[in-house]
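Input: a single structure, listed below in structure tokens.
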Amino acid sequence: MALSDQLADLASRTKHLEDTAKATDERNRAKLEKDREELHANVETEAQKLQESATRTGAEAHTWWADVTKRIEQQRAELRARIDQRKAERKLDRAERNADDAENYASDMLSLATYVVDVAEYAVVDASIARTEADELATRT
């Protein structure tokens, strides 16, 4: 493979890496947001079904079902908020360390890649000079 082809391949791979790095956060976040919206819709649908069931059973039962549903939803929201808060508190330090480690590793790999690209550039220049010298020597003889 010619040097120019190898350089083009390296550039393509580097661009792909850059695109992947950008898309990773977006793709994961988009999936999480989509999942959250689906779950929210499911909970609302179930609450609505309970309300409709209560309506069919009569006014007194309707009031009772409406109150029960409202209290359960309120308790669920409060519980979820407390659980999320506790998880966040416990996991924050660990998540920060994991993120720092991952970022440091990525930074090290990018430094290594930069070094390798610089060495490759040096090798390309050196090869070009060597080819020029060889061609000059061939024309003299």
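The values are calculated or read from the model by the stated rules, or taken from the named source; none is laboratory data. As the structure is a prediction and not an experimental result, all values here were calculated from the model. Reconstructed Cβ throughout: ideal geometry from the backbone, glycine too, with neighbour counts over all protein chains shown.
The table below gives the values:
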item	result
Some residue of the stretch 23-40 being closer than 30 Å to Glu121 by Cβ, assigned to a helix (DSSP H, G or I) and modelled with pLDDT under 75	yes
Selected residue [closer than 20 Å to Leu7 by Cβ, surrounded by 10 or more Cβ atoms within 10 Å (Cβ to Cβ) and modelled with pLDDT of 80 or more] from Tyr122, Tyr115	Tyr122
